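*Asks:* Would you mind keeping the following structure in view while I ask a few things?
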């Protein structure tokens, strides 16, 4: 054990350190480097999960593990290799593949944790949010913000898998979570093409007079693929026509937003969708906070730190805080992203650094 | 002249009042009743203008008065009979019928005053907002917020008329207005079905990553009728299915909103659209602030104060502050409304009173 | 009568203009210059009122006009010569000298209008705000925000005069005012040196846990001279020591703020206090919105537009919208200012132009 | 290993679980109870540290461990016994006793982490915040918000000890921290009684016109004991006089606030001071989020969960999330508190439950 200036220990100093421990004390000077690094030094590491592997294992879970009360969900979380044993994808975000067999039901419950689902393939499941059945289809983002009851039921004979995103690691480490069981079956087994939330809220720039109070989470439960796709397509078309519309040349992107505030869809989770034209490379970006990406369609690579990895539809990767990332597209390349950026921004820790811009 | 307690004047008192006047002073006690009434006592009065009359006179203006630089617009304002000589519809709001003949152009300019257009019939004109051509069609709301250059050109051989709403009375009385001339002709004579602003912003709940800064006015220049109509139709359908969606039984309504904030489309003007099922009567409402309504479709009546008036498509009426208003529908009854509610709310003067609810 | 392009009238055109008038319509093209000027063109004009004159006339009012219910206040408003007959100092602001004789009482009432008092000389009156007696002393700013009951009583045998500032012109023109009579006498005749509001709120940076909800107006009823004076003194001392603290060289200033938000003390009225060292000239400033100033102490001049006027303690002057103003100090020069800046900022009309800075 | 419904394992199931592990996956159903408990289930436990013990050990550190660059501070953190090895007092908050010998200097640095100091005894040290020397005296709260350079120097021959509070655990777990070394010695060795920040900002309700932009952290570096004490004394006096002023009978409290917003002093840390009259018991409160308390003066007890502990001046205790706490005073009982409440409120996880109130 060393002193602050590195000189050798004495018996008195050894006794001091024993007394620290005995009295539930810890000197800063031996920990400062770890606790207060020069730049964010996450234990989480960049990592890629293959959709084919995830899907295969989820499917086997479907055969072997019944879904039901207690376990609640047949969801298998992506565990960051740098955070072994935690089940966390990042220090704030949980991400899982969830699998529901034909005609299965995941029972209703609610919790403080904010949750969403994103569908990279398949259809046939309805998630029922506070009694409102919401169809899940390819390319859709479906929200179940904190403390909304929700269950899922598969209205077809075919299985369906999708990804879940939640702020479980944040809520678990920060001790903020409450949980409550609900109905064993979903409270409304109808299977409408459009949810009631959409019928009230999915009209661009229009707000129902019966819904004038701002809500902390978006009241719009479903963001449909056709709108996302159209928004991205128009950005690229406008760029072609010579008008500012994209984030950078060849890179279209939208943020899913809460129509009552214009802000993020939930207090802790930001959701975005990015589209690169073929042959585009984005500059390396360092960002405070972590994110998880899923390839929706197309082919390309991601560079995380120094490592480039080829990606295919459904593949997921995680970007820990301040690890530089860049994307490179071989074809038109569509990716869904979610991150903890609202946490970083609301608490004033957000920072971005793009070396090529400096 | 009377003292504060009503006693008779004396020579000293008469001299005092003369000295008030001579020194640019005015005693409160002789004015308090007028300046500080028990409830709002507007000089503006409730009034109804007939669309047929307005249109006929606007058409004659089209024949007789060329549009061009200087006068700028062939717009004829509705003058509240209680505010003679002002050209004001209310103390805050200006409302006009604007008429543009076939192939005519209203030159570009910009001003601090916030403006919109609402189209009750016709089509064929494009309003060009900061160089972005925006088609005007029946049922559309088109925005030209303060300090955006804008001009209009008629791309057809047929005339078109619509209503303009601005905060001219407010800006004129409060001395806030700047004005600047622009191009003699519109800067982009294209006639696309959809404006660039819509292509960027008219996707429900989606925000371009290139547009993350909040804007004081809505960046969405056009609110199309098909969306408004759908939103209202869904509210009534949800009501039929037993779910809360309408303002009150049989009364659907939307507020046009700024997608970057969820708030009003412009700092001073609120825009709404209301739909009553046939046979609905709304309770009398007193509201601080004034509004102007236009019937879009259907038949019914409005009661303003004690006077009931039958209304037809295109008819306009004004509701001064605190004058009770209620609507009664004979058919499905669609009405556009604009008001100064953002002023009242931002300055904390808003109040509503519904006698039947008390 | 002229056409938009200045050509001569025809019988048809004359009939058209008659029909405009007969149908409560007013063409924009004949009014545009007036309604939408190139820069704000206030009817209000710059003007100076002498405190000696005001005080003398107020004193005579004290001898001749009893204060009491109905007239409510022995307050004599400063009428802008450009707004004759209105009693308005500016289109938004009312400013009066109020005079209360020894042992007189101004009865309690409340109104939507926001009000304050500022004391340029004297003491001995308590204003009772919602039952809380607030001493009025030289240099103090005392608030009675909208809808707070308030009355005044003179606890001494000597008269006292001060200025009142209200948003009466705004509320009157915009039809937002409500009024209610209260007690004939003040509801608490105590004369404490410090009000209860100050005891709760006048601790720098400290907020009572019993008062965590934000309030639209400041809950701090009294801003005492000793704090204002100290704040200004420190700014100038810091400037002397080489640190940034003043608005510009030799010009210290504070804004009175609402401790629950950091914002303006009331929704419509901004209050500030300015101190110039001897020999300072401020650059000419154009500002959207109007303000009223009162000299508190010292000697100097104001330039309003092109006219320079020498000022003494108590003198008041008004700056209409966009009229350039600058101050020049012969001695240390202290001035109180109030303005309608919160209206301009909340409605996004604020603009400032300093020619020398361009 | 169990299935979701508790049935026995099969070889296929065992293989599945091995494949989860091999592919960086973790099933939710085996973890849900831990990750998503019914109510917050912190690993941190309630704990009390004795000031006498802390001070004695800090003093020995002063004799044995030199302060200087690298270790940076002679600060000894309170380690929650439920979070061994972490140095964390709670999952979000770090709390230490810092000790500076006569004429010692702790070198300047800056970091993203928000920090404050609170002084329970002693004086003689100046903390220099961005070059502004701030005296530290008994009862004072001193801020060094994120990314402000700061160092400390002892201007006397006597040692001084105080507590530091930071959001190190939050920033470390969430990977948000940056760190930068500054001057070896403080950049201004002056020892003024009042800092420049106070001279600009410590005037109740007054804001310098040179400081109108809102700041994410309070610009007021020092909250002096005389103001805190006066605010609490007045609350109790007002209560005695029959007016609402306290949180509950006999319990006065203030929140330290950012004068530019009225909000918390820093984005992640709330600071409060509480005073109980002798003989007061507060009801048990459950709150989401954690806090640390220090007794400033007086005697009493705290009940944390089911355990009551007697407290003396300087003693510190920690309240993990949702652990009920109540205070009981034998004498007038003064306590300083800091918590992560801004995190909970900004991310919408705040909840409070007072069983006796239900």
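The values are calculated or read from the model by the stated rules, or taken from the named source; none is laboratory data. What you are looking at is a predicted structure, and each value in this text was computed from that prediction instead of being measured. Here the Cβ is made from the backbone with ideal geometry for all residues, glycine too, and neighbour counts use every protein chain on show.
*Asks:* May I ask you to list the residues in the range A:233-246 that are facing chain B (nearest Cβ under 8 Å), surrounded by fewer than 19 Cβ atoms within 10 Å (Cβ to Cβ) and either assigned to a loop (DSSP other than H, G, I, E, B) or modelled with pLDDT under 95 (or both)?
*Replies:* Passing the criteria: A:243, A:244.
*Asks:* Considering only the range B:318-330, I want to know if a residue exists there that is part of a loop (DSSP other than H, G, I, E, B) and at pLDDT below 95. Can you show your working first?
*Replies:* First, pick out the residues of the range B:318-330 that are part of a loop (DSSP other than H, G, I, E, B): B:320-324, B:330.
Of the ones still in play, those that are also at pLDDT below 95 are none.
No, the range B:318-330 contains no residue that is part of a loop (DSSP other than H, G, I, E, B) and at pLDDT below 95.
*Asks:* Select, from C:177, C:182, C:151, the only residue that is within 23 Å of residue C:67 (Cα to Cα), facing another protein chain (nearest Cβ under 10 Å) and in contact with a strand residue (DSSP E or B) (Cβ under 7 Å, 6 or more places away or on another chain).
*Replies:* On the way: C:182 fails: facing another protein chain (nearest Cβ under 10 Å); C:151 fails: facing another protein chain (nearest Cβ under 10 Å).
Only one candidate passes the filter, namely C:177.
*Asks:* On to the next question. Of the conditions (1) under 36 Å from the mean Cα position of the chain (by Cα); (2) more than 8 Å from chain B (Cβ to nearest Cβ); (3) in a loop (DSSP other than H, G, I, E, B); (4) surrounded by fewer than 21 Cβ atoms within 10 Å (Cβ to Cβ), residue C:41 satisfies every one except a single condition; which number is it?
*Replies:* (2)
*Asks:* I need the full set of residues from the range A:247-288 which are within 12 Å of chain B (Cβ to nearest Cβ), surrounded by 22 or more Cβ atoms within 10 Å (Cβ to Cβ) and assigned to a loop (DSSP other than H, G, I, E, B), in order please.
*Replies:* Listed by number, the residues that qualify are A:258, A:259, A:260, A:263, A:265.
*Asks:* Now a separate question. For the range B:44-57, which positions are assigned to a helix (DSSP H, G or I), under 19 Å from the mean Cα position of the chain (by Cα) and at the interface with another protein chain (Cβ under 9 Å from one of its Cβ atoms)?
*Replies:* First, pick out the residues of the range B:44-57 that are assigned to a helix (DSSP H, G or I): B:51-57.
After this cut, where a residue has to be under 19 Å from the mean Cα position of the chain (by Cα) as well, the list is B:51, B:54-55.
Matches in the range B:44-57: B:54 only.
*Asks:* Within the range A:145-163, work out how many residues are over 16 Å from residue A:101 (Cα atoms) and surrounded by 24 or more Cβ atoms within 10 Å (Cβ to Cβ). Explain how you work it out, then say what you get.
*Replies:* Our first condition is that a residue be over 16 Å from residue A:101 (Cα atoms); within the range A:145-163, this holds for A:145-150.
With surrounded by 24 or more Cβ atoms within 10 Å (Cβ to Cβ) added as a condition, the list becomes A:145-146, A:150.
Total satisfying the criteria: 3.
*Asks:* Return only the number of the condition from (1) part of a helix (DSSP H, G or I); (2) within 9 Å of another protein chain (Cβ to nearest Cβ) that residue D:229 does not satisfy.
*Replies:* Checking residue D:229 against (1) part of a helix (DSSP H, G or I); (2) within 9 Å of another protein chain (Cβ to nearest Cβ), the one that fails is (2).
*Asks:* Which condition does residue C:303 not pass, out of (1) more than 10 Å from every other protein chain (Cβ to nearest Cβ); (2) under 30 Å from residue B:346 (Cβ atoms); (3) surrounded by 17 or more Cβ atoms within 10 Å (Cβ to Cβ), if it passes all the others?
*Replies:* (2)
*Asks:* Could we say that residue C:316 is at negative phi, free of Cβ contacts under 8 Å to residues at least 12 places away in the same chain and either touching a helix residue (DSSP H, G or I) at 6+ places or on another chain (Cβ under 7 Å) or within 14 Å of chain B (Cβ to nearest Cβ) (or both) here?
*Replies:* On the way: at negative phi: yes; free of Cβ contacts under 8 Å to residues at least 12 places away in the same chain: no; either touching a helix residue (DSSP H, G or I) at 6+ places or on another chain (Cβ under 7 Å) or within 14 Å of chain B (Cβ to nearest Cβ) (or both): yes.
Criteria not met by residue C:316.
*Asks:* Given the conditions (1) at positive phi; (2) within 18 Å of the chain's Cα centre (by Cα), and given that residue A:264 satisfies all but one, which numbered condition is not satisfied?
*Replies:* Residue A:264 satisfies every listed condition except (1).
*Asks:* Based on this model, can you work out whether residue B:90 counts as at pLDDT below 95 and touching a helix residue (DSSP H, G or I) at 6+ places or on another chain (Cβ under 9 Å)? Walk me through it before giving the result.
*Replies:* Working: at pLDDT below 95: no; touching a helix residue (DSSP H, G or I) at 6+ places or on another chain (Cβ under 9 Å): yes.
In short, no.
*Asks:* Condition (residue is within 14 Å of chain B (Cβ to nearest Cβ), part of a loop (DSSP other than H, G, I, E, B) and either within 27 Å of residue C:87 (Cβ to Cβ) or modelled with pLDDT under 95 (or both)) applied to the range C:185-198: is it met by at least one residue?
*Replies:* No, the conditions are met nowhere in the range C:185-198.
*Asks:* Taking the range C:164-203 only, how many residues are crowded, with 20+ Cβ neighbours inside 10 Å, over 25 Å from the mean Cα position of the chain (by Cα) and touching a residue at least 40 places away in the same chain (Cβ under 8 Å)?
*Replies:* Start the filter on the range C:164-203 by keeping residues that are crowded, with 20+ Cβ neighbours inside 10 Å, which leaves C:164-178, C:186, C:195-196, C:198-203.
Okay, now just the ones that are also over 25 Å from the mean Cα position of the chain (by Cα), so C:199-200, C:203.
Subset that is touching a residue at least 40 places away in the same chain (Cβ under 8 Å): none.
Adding up the residues that qualify gives 0.
*Asks:* All but one of (1) closer than 18 Å to residue A:211 by Cβ; (2) free of Cβ contacts under 8 Å to residues at least 40 places away in the same chain hold for residue B:300, so report the exception by its number.
*Replies:* It fails just one condition, (1).
*Asks:* Now for a different question. Among the strands (runs of 3 or more DSSP E) contained in the range B:60-138, which hold 1 or more residues that are within 13 Å of chain C (Cβ to nearest Cβ) and at negative phi? Walk me through it before giving the result.
*Replies:* Working: elements: B:75-78, B:94-100, B:105-111, B:115-118, B:123-129, B:132-137.
Here the list reads B:75-78, B:94-100, B:105-111, B:115-118.
*Asks:* Additional query: Take the conditions surrounded by fewer than 24 Cβ atoms within 10 Å (Cβ to Cβ) and either within 14 Å of chain B (Cβ to nearest Cβ) or within 20 Å of residue C:301 (Cα to Cα) (or both) and apply them to residue C:350. Does it pass? Walk me through how you get there before you give the answer.
*Replies:* On the way: surrounded by fewer than 24 Cβ atoms within 10 Å (Cβ to Cβ): yes; either within 14 Å of chain B (Cβ to nearest Cβ) or within 20 Å of residue C:301 (Cα to Cα) (or both): yes.
It is true that residue C:350 is surrounded by fewer than 24 Cβ atoms within 10 Å (Cβ to Cβ) and either within 14 Å of chain B (Cβ to nearest Cβ) or within 20 Å of residue C:301 (Cα to Cα) (or both).
*Asks:* Residue A:100 fails exactly one of the following numbered conditions: (1) buried (at least 22 other Cβ atoms within 10 Å of the Cβ); (2) closer than 18 Å to residue D:33 by Cβ; (3) touching a helix residue (DSSP H, G or I) at 6+ places or on another chain (Cβ under 9 Å). What is the number of that condition?
*Replies:* (2)
*Asks:* Next up: Does the range D:15-30 contain at least one residue that is surrounded by fewer than 18 Cβ atoms within 10 Å (Cβ to Cβ), in contact with a strand residue (DSSP E or B) (Cβ under 9 Å, 6 or more places away or on another chain) and more than 7 Å from chain A (Cβ to nearest Cβ)?
*Replies:* no
*Asks:* Somewhere in the range B:204-222, is a residue within 25 Å of the chain's Cα centre (by Cα) and in a helix (DSSP H, G or I)?
*Replies:* no
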